[in-house]
């Protein structure tokens, strides 16, 4: 019992030190300054040559959900403390594995986005034109139409995670 009583002053000191810091800390790795209160996530724009009509909306919704669930930021429709604009730049399918007969055994769907992130209160955290890409492989015996929904779901989740980490987790 005496061992635990000696730890109380140490724990109190740690709590006071963390409480006095200018940056919010959490076990999730999110690093948002306490003066940042709002975020504006613009609808994702799709500028890819080949367009999946649902992809931009799907990525917008995934980003909104991620910021809503993992931060305490209020989402606003314009001019937030944080502003996020994502543009889908490419949506490509390429062969990744070729058999001895020179036939594609596996194909890869790759989605590449460009991110503009502005932190109005802390401009040193801005991201200008950084590219993020994610891909999923699928068996070439399946047509893209058969597997596109599943592939896009997985790709969107990865892209949203990467964008979230780069903007507010600074990973």
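Once the stretch 44-61 is narrowed to residues that are part of a loop (DSSP other than H, G, I, E, B) and loosely packed, with under 15 Cβ neighbours inside 10 Å, the residue that is modelled with the lowest pLDDT is 51.
Residue check: is residue 133 touching a strand residue (DSSP E or B) at 6+ places or on another chain (Cβ under 8 Å) and farther than 18 Å from residue 51 by Cβ? No. Of the residues making up the stretch 130-137, not a single one is surrounded by 13 or more Cβ atoms within 10 Å (Cβ to Cβ) and more than 18 Å from residue 159 (Cα to Cα). Of everything in the stretch 159-171 that is in a helix (DSSP H, G or I) and at pLDDT below 90, the residue that is surrounded by the fewest Cβ atoms within 10 Å (Cβ to Cβ) is 169. For the residues 87, 112, the requirement of being at pLDDT 95 or above, closer than 24 Å to residue 142 by Cβ, within 16 Å of the chain's Cα centre (by Cα) and not in a helix (DSSP H, G or I) singles out 112.
Please find, within the stretch 130-141, the residue that is nearest to the chain's Cα centre (by Cα) out of those that are more than 19 Å from residue 86 (Cβ to Cβ) and assigned to a strand (DSSP E or B). Here the answer is 137.
Mind checking which pairs have a first residue in the stretch 146-171 that is on the phi > 0 side of the Ramachandran plot and a second that is buried (at least 16 other Cβ atoms within 10 Å of the Cβ), Cβ under 8 Å, 6 or more apart or different chains? Once the first residue is on the phi > 0 side of the Ramachandran plot and sits in the stretch 146-171, its partners that are buried (at least 16 other Cβ atoms within 10 Å of the Cβ) give 170/125.
Residue-wise test of (1) assigned to a helix (DSSP H, G or I); (2) at pLDDT below 95; (3) exposed (fewer than 10 other Cβ atoms within 10 Å of the Cβ).
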site	(1), (2), (3)
8	yes, yes, yes
16	yes, yes, yes
26	no, yes, no
32	no, yes, no
78	no, yes, yes
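Consider the stretch 115-129 and keep the residues that are in contact (Cβ under 8 Å) with a residue 24 or more places away in the chain and assigned to a strand (DSSP E or B). The one that is surrounded by the fewest Cβ atoms within 10 Å (Cβ to Cβ) is 116. Among the conditions (1) under 22 Å from residue 49 (Cα atoms); (2) buried (at least 18 other Cβ atoms within 10 Å of the Cβ); (3) in contact with a strand residue (DSSP E or B) (Cβ under 6 Å, 6 or more places away or on another chain), residue 156 misses just one, which is (3).
The values are calculated or read from the model by the stated rules, or taken from the named source; none is laboratory data. None of the values given here were measured: they were computed from a predicted structure. Quick reminder, even Gly has a Cβ in these numbers, built from the backbone with ideal geometry, and neighbours come from all protein chains shown.
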